[in-house]
Amino acid sequence: MTSGEWLHKDEHFRPGEELFRSEREFVVWSYSATHGQLLLRADRLPRGQSRLPTTVEVLFRPIEAVQIRATYRGLVIRCATAEEAARIGRNHADDPYCSGEARVLILQNAEGTGYVVTGAVGWREGVLSHLQPSLFNRFQPYVPSWPVKPLTGVGGELEVASPQQVAEAFLAGLPEGAPRERHHTVHLLTAIVERDGRRHRYNLGVFLTEADAEEAKRIIESQVSQCWIEPVAVVL
């Protein structure tokens, strides 16, 4: 079961009010240029070696400006005071991407402070399967594709595995319980074959590159009723 909250209304953001507090260690986990999404994750206590039973994630969306640490050993998120918001606003006065209508949130702990200028913030806590990339990007029936990134949309593609890593995963396997944080797209060649007056569907092969899949399709397409290539994410 996942619990959480999503704050996006003006009434949620009173100057100086504390919104979120945790003693966990948070790290910058993912960024997506689509909708300007920034995700922090915590599944350990500060300097803890073993993982906690649950994962906590904090999502900011959309963000217009940010100045934060890579790691927060304990985290407090609060609304900026009027003075803080004015000072941070002056720092971005010439930025065409800052609308001046977003909320200024202060991120702080004993090691320092930072800020995020954003439209909304939310957090979730739950048991995260090693097959799930994030509590904020889960399978949706109306998008029948397994999510392979912590956030939807376009990101830095740091989670894309190389063909060599895919091969090593098939040959050596993956450690039991290891988080599945990377993926690689393979290409499934499917064909419809008519036989004895009936149409049969077959998955003919999986290819690591689109070029190989297209070549295989070219070779067989004159011998089948129909064939096509589907990109499929292999989760590592």
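The values are calculated or read from the model by the stated rules, or taken from the named source; none is laboratory data. Note that this is a predicted model, so its numbers are computed, not measured. Quick reminder, even Gly has a Cβ in these numbers, built from the backbone with ideal geometry, and neighbours come from all protein chains shown.
Quick one: is E64 touching a residue at least 12 places away in the same chain (Cβ under 8 Å) and more than 26 Å from A178 (Cα to Cα)? So E64 fits the description; yes. Scanning the stretch 214-236 for residues that are among the small types (G, A, S) and farther than 29 Å from P179 by Cα returns A216, S222, S225. Quick check on T55: is it assigned by TED's automatic domain parsing to the domain that holds R21, under 22 Å from Y31 (Cα atoms) and of a type outside the set (K, R)? So T55 passes the test. If you check V148, V117 for being over 16 Å from A233 (Cβ atoms), out of contact with any Gly (no Cβ under 8 Å at 6 or more places or on another chain) and of a type in the set (V, I, T), only one passes: V117. For the stretch 101-137, a residue qualifies if it is within 18 Å of P62 (Cβ to Cβ), part of a loop (DSSP other than H, G, I, E, B) and in the same structural domain as P53 (by TED's automatic domain parsing), and the qualifying residues are E101, A102, G119, A120.
Highlighted here are the strands (runs of 3 or more DSSP E) found entirely within the stretch 1-84 that include at least 2 residues which are among the hydroxyl-bearing types (S, T, Y): 18-32, 71-79.
Restricting the stretch 11-69 to residues that are among the small types (G, A, S) and in contact with a Leu (Cβ under 6 Å, 6 or more places away or on another chain), the residue that is surrounded by the fewest Cβ atoms within 10 Å (Cβ to Cβ) is S22.
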